[in-house]
Amino acid sequence: MKIQQNYNSDINLKIKRRRWINVGAIYLILLLFSVLFMGTFLFGAMSSLKDNPSEWPPTLKTEQLSLKNWIGAYTLARQGGGSGFFGALKSGHEVSLQITYKYPMGIEIIPPEVIIPKRFAGHGAAALDLDKEFVADFVTIKPIEEINRVSNKDGILISYKITIVNISQKDFNELPMDLKVPHKVKFVKVTLAPNRIERLGMSQSWNNLVSGVIPYIFHNHFRVFNENYSRSTGKRLFTTWIFNSLFISIIKVITTLTFASMAGYALARLKFFGKNYLFVFILFSMMIPGQVTFISNYLVLRDGVFGFTKLFGGGSLLNTFTGLIISGLVGAAAVFIMKQFFEGLPQEMEESARIDGASTYQIFSKIMLPLAKPALGALTILTFQGAWNEFFWPLVVLTSPMDKFTLTVGLLSFKNTYASGAFDWGPILAGAIISALPIIILFFVFQRYFVEGVSFSGIKG
Amino acid sequence: MGNRWSSLNEKAAPYVFLSPFLFGFIIFFSYAFIRSLYFSFTDYDLFSIPNWVGIKNYIGLFKESLFTRALKNSLTFAIIVTTLQTIFALLLAVVMNQKIKGIKFFRTAYYMPSITSSIVITLIFIWMFQRKGVINYLLTLLHQYGLTIGIFLTLLVGIQLLLVVTEKLRGRPVQYLEPSYIVLSIILASVITYLLKDFGIIKPIEAKAVDIFWLNTREKVPSWAGPLAFPRPLGAIMILNIWTTVPTFMILYLAGLQGIPKVLYEAAEVDGAKGWQKFWYITVPQLKHITFLIVTLGLIGTLQMFDQVKIIGGQAPLESTITLAYYVYYSAFPGASVPRIGMAAAAAIILAVLTLIVVLIQKIFLGDGKDLRD
């Protein structure tokens, strides 16, 4: 009897152990996959904050994410007269930072040379704006103070205080600075980490000491907005692209919902000549790649839909949103989804409404559409995502000017904008992350619809 | 009068409902498809009047090395990517098909690559595939610590075996994967590896940084595969593409997995089937239809691959990444030279025919298309 009991408890323990190890193993595998699927994004997002996302070796360490630098950026911006989160260098304000160097034994102690360079942060048109005044002409550098000195066996640690005063009547929002030290002198720590360390550590540079916390963290994201201006209107290109994409996607959602539910209902419930042939043809069209039809569609838009637009005083529809929208009012897949959905609804309500004398139009608008809410929800998400991410057709239709681009086409142009010699990956990554954000947010809010969308469109094959 | 009007109205209803859709469908699909077919038999160049040239374009295509390269790239890409992504999607779905806490979070997290646009993902990947990029760095790490990892794994297996065998010799019934012993082995192996490293007996290999050209190269991999080898930049796109599509197909598989009757597994357990046997003899056959669907969707999608080639653009040589879809675009808008619409249209028709063949094969194997909805 006792042996039996022992045996039982032994078995129970074993089962428990096994289950425990199994669950553990599964979590471990899930976690590994998370690193694979999400880590790529997170690492991209993190690197988009860095001064140099292509540094070697690549690290997770990001100066822009350290509390010490946030405090530094805040203090400096406050000293300059800004709010702290956003900075400034106002008239009469003085900005000071502390920096520590290590002088090895036997090296003559020379304090760092402070230079306020005549340069603007950034790239392209923003940096070449000739009307801007250099802040360097309006500030003075106070004599460097030594505030601390500690000797240990292999060198001397010296902290300096560097103070810069805006002596003019003008307000600025930028204060670049370079520090130069003799060879072998090591930079140890500073209030706000420099953006670049060059010439074997002999030079530390800051793009903007008084940027404030937010522009400091997201400086690449600000660059995306601030460095791309339209040649014709002078507006910010990136903002324009976001609104273009938003506008086109919303219009597409509206036309798709309206027309797909109409056509889907007709295909599911109404009788008309050639219905089955039409349905087969729709299925066929879903398999044909866009590359087959785009040549003709390009020509159709170029000639203004057989010259139709000329009647209204228009010309070519290339490089217009009208052209992009009119050629993609409703996709065959959307019609298919709505047809499948309407077919699955019970017929009784419709029949009784018909007996009561309702017309087809009334049945559609008063009975069927309210019932179709779940399908319309999934279709909204699916269409919006599709339109926001669409690449090929906007690329063909919208070629110039850059004001007309959608976000996807605009991002592609970044590859030219930020590639003089080596790629400037900061703004490219930042632009990519910003443009993915709306969809990711939408996804977290409407997860269910996304997954339904996959199973809907999965059926189409 | 009113009655007749309303009956006319009723008759017109289907056409009224369909008209907005048909407007686009006729102009931007049917007409476009027929016109492409027509262009493929002409020498049209977007500006002058098209002349009928018969099947000259089709013959010309197969004589052109860029096209045969594109065809070969497209086919290799489609086959390799579809195979791998189907396998990974199935395995991932099996792992995800658990009733444990927090599984929903993971499903959401995994789905992120599938919802983001191709341009965003491709840009991030180009950045990672740089010569001094993340991928090469991870490979460098693997190279440097390969020996350490190898020693750790050998120790792990060795200690586990030792523990189990001693227990067995003592006459106790233990399994080879006894959980508590695994934990013990992991701890022991880690400590020994750490000590070995600390005493400097094993060191990370002082290797140079891995410097693989992922994009800007004409090299073909794998080098032993001879004529079957594909350009390395295409391989980079394959990795990218598998990564983005696996989650989508995983969701389809998950739906399928939840539809498999539990009774089948219970019966198999009674018969003494092990984990992998259940997977191979129940899960895989039960998911046959979904697998067919996923393979078809995968082939259609991969044959049309365009975005990644366009986005990588000058980063890689054209021949190394060109696909059929890109060939069509490139011939129609070649930049500096004259557009060759005839050739582009012919290549597009070939692409369409390939797609239809895939669909046809699926229809033959599965019979009626309705089976897909099971």
Report the residue count in the range B:26-57 for those that are part of a helix (DSSP H, G or I) and in contact with a Ser or Thr (Cβ under 7 Å, 6 or more places away or on another chain).
8
Look at B:Gln130 and say whether it is at the interface with chain A (Cβ under 8 Å from one of its Cβ atoms) and under 30 Å from B:Lys262 (Cβ atoms).
no
The residue that is nearest to the other protein chains (Cβ to nearest Cβ), considering only those in the range B:80-95 that are in contact (Cβ under 8 Å) with a residue 24 or more places away in the chain and of a type in the set (A, V, I, L, M), is B:Leu92
What pairs can you find where one residue is in the range A:314-334 and without any contact (Cβ under 8 Å) to a residue 12 or more places away in the chain, the other is of a type in the set (Ser, Thr, Tyr) and assigned to a helix (DSSP H, G or I), and their Cβ atoms are less than 7 Å apart, with a gap of 6+ or different chains?
A:Gly315/A:Thr309
Pick from B:Thr83, B:Thr122: which is in a helix (DSSP H, G or I), surrounded by fewer than 16 Cβ atoms within 10 Å (Cβ to Cβ), of a type in the set (Ser, Thr, Tyr) and within 21 Å of the chain's Cα centre (by Cα)?
B:Thr83
Count of residues meeting criterion [part of a helix (DSSP H, G or I) and crowded, with 16+ Cβ neighbours inside 10 Å] in the range A:40-69
10
From the residues in the range B:35-62 that are under 18 Å from A:Arg302 (Cβ atoms) and of a type in the set (Val, Ile, Thr), which one is surrounded by the most Cβ atoms within 10 Å (Cβ to Cβ)?
B:Thr42
Please indicate, with yes or no, whether at least one residue in the range A:303-314 is crowded, with 16+ Cβ neighbours inside 10 Å, within 8 Å of another protein chain (Cβ to nearest Cβ) and either within 14 Å of B:Ala32 (Cα to Cα) or aromatic (Phe, Trp, Tyr) (or both).
yes
Free of Cβ contacts under 8 Å to residues at least 24 places away in the same chain and away from every other protein chain (no Cβ under 11 Å): is that true of B:Ser30 in this structure?
no
Looking at (1) within 13 Å of chain B (Cβ to nearest Cβ); (2) out of contact with any Ser or Thr (no Cβ under 8 Å at 6 or more places or on another chain); (3) farther than 28 Å from A:Glu227 by Cα, find the lone condition where A:Gly377 falls short.
(1)
Report yes if B:Lys168 is over 16 Å from B:Pro204 (Cα atoms) and part of a loop (DSSP other than H, G, I, E, B), otherwise no.
no
Of all residues in the range B:125-161 being in a helix (DSSP H, G or I) and of a type in the set (Gly, Ala, Ser), which is farthest from the chain's Cα centre (by Cα)?
B:Gly158
Turns out the helices (runs of 4 or more DSSP H) fully within the range A:309-386 with at least 1 residues that are touching a helix residue (DSSP H, G or I) at 6+ places or on another chain (Cβ under 6 Å) and more than 23 Å from A:Ile250 (Cα to Cα) are A:332-344, A:348-355
Reported set for the range B:203-217 where residues are acidic (Asp, Glu) and more than 13 Å from chain A (Cβ to nearest Cβ) is B:Glu206
Quick check on the range A:205-221. Is at least one of its residues surrounded by fewer than 17 Cβ atoms within 10 Å (Cβ to Cβ) and touching a strand residue (DSSP E or B) at 6+ places or on another chain (Cβ under 9 Å)?
no
Can you report the number of residues in the range A:227-278 which are hydroxyl-bearing (Ser, Thr, Tyr) and crowded, with 23+ Cβ neighbours inside 10 Å?
4
Requiring at least 2 residues that are touching a residue at least 24 places away in the same chain (Cβ under 8 Å), the strands (runs of 3 or more DSSP E) wholly within the range A:185-257 are A:186-190, A:203-206
Give the range A:282-302 a look and list any residue that's free of Cβ contacts under 8 Å to residues at least 24 places away in the same chain, surrounded by fewer than 22 Cβ atoms within 10 Å (Cβ to Cβ) and not aliphatic (A, V, I, L, M), or say none.
A:Phe284, A:Arg302
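Yes/no per residue for (1) more than 8 Å from chain A (Cβ to nearest Cβ); (2) of a type in the set (Val, Ile, Thr); (3) under 30 Å from B:Pro285 (Cα atoms):
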residue	(1), (2), (3)
B:Asn97	yes, no, yes
B:Lys101	yes, no, yes
B:Tyr111	no, no, yes
B:Ser117	no, no, no
B:Ile121	yes, yes, no
B:Leu142	yes, no, no
B:Thr148	yes, yes, no
B:Ile159	yes, yes, no
B:Leu184	yes, no, no
Test set (1) among the charged types (D, E, K, R); (2) assigned to a loop (DSSP other than H, G, I, E, B); (3) under 34 Å from the mean Cα position of the chain (by Cα) - B:Arg107 fails condition number:
(2)
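Yes or no, residue by residue, for (1) exposed (fewer than 15 other Cβ atoms within 10 Å of the Cβ); (2) modelled with pLDDT of 90 or more:
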residue: B:Gly158; (1), (2): yes, yes
residue: B:Lys168; (1), (2): yes, no
residue: B:Pro173; (1), (2): yes, no
residue: B:Leu188; (1), (2): no, yes
residue: B:Leu196; (1), (2): no, no
residue: B:Phe199; (1), (2): yes, no
residue: B:Gly226; (1), (2): yes, no
Residue check, A:Leu437 against (1) within 30 Å of B:Pro334 (Cβ to Cβ); (2) more than 8 Å from chain B (Cβ to nearest Cβ), all met but one. Which one?
(1)
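The values are calculated or read from the model by the stated rules, or taken from the named source; none is laboratory data. Treat the numbers as computed from the prediction; the structure is a model and nothing was measured. Reconstructed Cβ throughout: ideal geometry from the backbone, glycine too, with neighbour counts over all protein chains shown.
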